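What follows is calculated from the coordinates using simple rules that are stated; it is not laboratory data. Keep in mind it's a predicted model, so treat the numbers as computed, not measured.
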Amino acid sequence: MTASRERVAWLALAVLHAVERGEGFIEKKGAMKVLREKLKYSDRQARNILNYLLEQQYLIPIPRGLRVTGFRVSGKGLQVLENLGLI
C-alpha cells in the first residue's frame, strides 16, 4: 500500500478507535457504516480499508461461533495511534 493509502488507513483506525471507546467494541456492520458516514467512503473503499487494517493486524476480529461479529483495535493499532499523537 502506498504512503497516502496508509495514512487513510490510519485515519480510519482513529475513527474506529473512537467508536470502540464509546461502545466497547466495533460492530462489523457498524464499522462499514461509520466509515461511510464519517469519512464519506464508498462500500468498496470501506471494505478495502477494513481488510487492510486486518491484514496489518491493527484490528483484531471478535468471533462468535464461526462468524466474525466485530473488531477491537489491537496493541499494534494502539501503538500506531500513540506514535501519531492521537491518543
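Brief remarks on what is shown
- Under-5 Å amide H pairs with Ser74, H placed in peptide plane, nonlocal only: Leu59, Ile60
- 17 Å Cα-Cα reach of Lys28 towards lysines, excluding residues that sit fewer than 8 places from it in its own chain: Lys38
- Long-range HN-HN contacts of Thr69 with modeled amide H, under 5 Å: Ile62, Arg64
- Compactness of the chain is given as radius of gyration and Dmax, 12.0, 36 Å, from Cα positions.
- Taking the chain and dividing mean pair separation by its residue count, relative contact order in percent (alpha carbons under 8 Å, at least six apart): 30
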